[in-house]
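*Asks:* This is the structure, below, for whatever I ask next.
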Amino acid sequence: MAAAVSNLRGESRYRYRKFKSDAMMAITVGATILTLIPLFLVLGYLLTKGVASLNWAFFTHMPAPVGEHGGGMANAIVGTLEVVGIACLIGVPIGVGAGLYLAANRASQFTNWVRFSADVLMGVPSIVVGIFAYAVVVRPFGGFSTLAGSVALAAIMIPLVTRTTEEMVLLVPPELREASLALGVPHWRTTLSVVARTALSGITTGVILAVARVSGETAPLLFTAFGNRFWSTSLFHPINTLTVQVYTYAISPFADWQRQAWAGALVLTGIILALELGVRWVTGGAAKAPR
Amino acid sequence: MGDGRGGEGAKVVMAEKLVVKNLNAYFNQNRALHDVSLSFEQARIAAIIGPSGCGKSTLVRCLNRMHEVVPGATASGEVLLDGNDIYADDVDPVQVRRRIGMVFQKPTPFPTMSIEDNVAAGLTLNGVEISRAERDQLIERSLRQAALWEEVKDRLRRPGGSLSGGQQQRLCVARALAVQPEVLLMDEPCSALDPISTARIEELLLELKSAYTIVIVTHNMQQAARCSDMTAFMYTGELVEYGETKQIFTNPTKRETEDYITGRFG
């Protein structure tokens, strides 16, 4: 009899716990849906507005003069690729190198300062980075240029890449390093061919995410790469980019330009999405965001 | 397993391959080894036993200058390989490690490399140029020596990490042997393995014995008794006793050794 009673009590307690669990589950599912709604609204709206405005001319034609209908963003698409590409050439070697250094010299005071600076730099508003590039490139060179835009974007990439590289290298088990050293492989070769090689997919992920991040930057380009309605691939002249072009068109009073701004936003989102998918491909489906 | 003790009655004076003299090792200010002196002979297996933290791993890591790889770790004293001190000023630790190979506690195949690339890693990472045929030969010979060839010969291009734990450890042995070292140090090579894999490694040791000087650190006294010729017992950083395995296990001269072996502590 006593056993049956305690059993019943246990059952009601179990039911209460089950209820609590279900309630928590409902709350978290609700929060997830709330998070996803804006994402799908933005993407959906962008798609409906953008696809309608997207045509072949958008990819192949130059911006039309004011008042004329049609035209495209060919120069801005190429410009974005060029500015981001050169930013990578500057930022990736520096970032990866610094990350390897930080991982190899954990204990020194200098390392702590470098790591702290990288963390602070990551929090600097991108418009401030634009001002930095203005001061160190635009002013000395006497004008807006592709190079200035790339330097600004590289300055955003470097701390991101540095910290991801460091984290990824630290994930490599120290035993692998020892195993390589015990084979009589010199220290530098071990760091490069075993440690960095093992961390490579993680480092690549970090680099691609940093590229995705800077591809969408507008503020640091406003007074560095500036924008250009004409075709230019020169390093030392202003260049058009998708973000700046979208910005200019979106705030314009012309319906046709606003239409093209939607198309530009869609293309840009497509490029970034492709990069993120690239990350998944590199990491074999298990993309890990840096930090 | 047979009688692995070997050297029964054969009291021939063996060539001393590796001689340790007054070796002291430190981690920053902490002294991990106190004036250790002993010698390891060619074609014999020496086991180092003792409770955790007694310095057995530190001792073998000093033997190929892997100890100093840890930040703050230093060593003093002499370790003579064929009569030459590996701690002399003009000696490059990288060269020492090519002559004195090492296998670690955890199997550590390089995850980015295939089975065959793992075996050849010691050469490729050192930039040694060899022909395709020589390379294939080296891979097969090393894998055969490590008793792994039959199991992996059809999947040499698969990742090293795809093997089982015991196979991975034998792959690490093959990788160490491919560099053609003279001495093989093993730091608890079986502690992460199941009994069957352990038996394979022990058989392997006995097969390799004739061509190498082998030093094995082990937690497992049965293992030391089964496969070594000489046994060193260490306690709190000191070498308590070193002698023929049979004598250490049946008639130890020191009280601590007897207590440890009979399971009274450790």
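The values are calculated or read from the model by the stated rules, or taken from the named source; none is laboratory data. Since the structure is predicted, the reported quantities are computational estimates derived from the model, not experimental observations. Cβ placement follows ideal geometry from the backbone for every residue including glycine, while neighbour counts extend to all protein chains displayed.
*Asks:* Checking B:Lys56 against (1) surrounded by 15 or more Cβ atoms within 10 Å (Cβ to Cβ); (2) within 22 Å of B:Gln180 (Cβ to Cβ); (3) away from chain A (no Cβ under 14 Å); (4) at pLDDT 90 or above: exactly one of these is not met. Which one?
*Replies:* Unmet for B:Lys56, out of (1) surrounded by 15 or more Cβ atoms within 10 Å (Cβ to Cβ); (2) within 22 Å of B:Gln180 (Cβ to Cβ); (3) away from chain A (no Cβ under 14 Å); (4) at pLDDT 90 or above: (2).
*Asks:* Could you tell me which numbered condition A:Ile251 fails, if it satisfies all but one of (1) of a type in the set (Val, Ile, Thr); (2) within 14 Å of chain B (Cβ to nearest Cβ); (3) without any contact (Cβ under 8 Å) to a residue 12 or more places away in the chain?
*Replies:* (2)
*Asks:* Within segment A:170-198, track down each residue that is more than 8 Å from every other protein chain (Cβ to nearest Cβ) and of a type in the set (A, V, I, L, M).
*Replies:* If the condition is that a residue be more than 8 Å from every other protein chain (Cβ to nearest Cβ) and of a type in the set (A, V, I, L, M), then A:Leu170, A:Leu171, A:Val172, A:Leu192, A:Val195, A:Ala196 are the ones that fit.
*Asks:* Looking at this structure, is A:Gly99 under 30 Å from A:Ala265 (Cα atoms) and either within 14 Å of chain B (Cβ to nearest Cβ) or under 24 Å from the mean Cα position of the chain (by Cα) (or both)?
*Replies:* Judged against the criteria, A:Gly99 is not a match.
Yes or no, residue by residue, for (1) closer than 25 Å to B:Glu207 by Cα; (2) surrounded by 16 or more Cβ atoms within 10 Å (Cβ to Cβ); (3) within 14 Å of chain A (Cβ to nearest Cβ):
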{"position": "B:Gly83", "(1), (2), (3)": "no, no, no"}
{"position": "B:Asp89", "(1), (2), (3)": "no, no, no"}
{"position": "B:Leu148", "(1), (2), (3)": "yes, yes, no"}
{"position": "B:Val152", "(1), (2), (3)": "yes, yes, no"}
{"position": "B:Arg155", "(1), (2), (3)": "yes, no, no"}
{"position": "B:Arg158", "(1), (2), (3)": "no, no, no"}
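*Asks:* Now for a different question. Which is of a type in the set (Gly, Ala, Ser) and within 13 Å of chain B (Cβ to nearest Cβ), of A:Ser201, A:Ser215, A:Ser234, A:Ser150?
*Replies:* A:Ser201
*Asks:* May I pose another question? With the condition kept exactly as written, say whether any residue in segment B:184-196 is of a type in the set (S, T, N, Q), under 27 Å from B:Ser114 (Cα atoms) and outside any helix (DSSP H, G or I).
*Replies:* Yes - at least one qualifying residue is present in segment B:184-196.
*Asks:* When you scan segment A:30-51, do you find a residue that is assigned to a loop (DSSP other than H, G, I, E, B) and out of contact with any Leu (no Cβ under 6 Å at 6 or more places or on another chain), even just one?
*Replies:* no
*Asks:* While we're looking at this one, here's another question. Kindly check whether there is at least one residue in segment A:133-148 that is in a helix (DSSP H, G or I), more than 30 Å from A:Leu242 (Cβ to Cβ) and out of contact with any Pro (no Cβ under 7 Å at 6 or more places or on another chain).
*Replies:* no
*Asks:* Answer yes or no as to whether B:Gln42 is under 17 Å from the mean Cα position of the chain (by Cα) and away from every other protein chain (no Cβ under 14 Å).
*Replies:* yes
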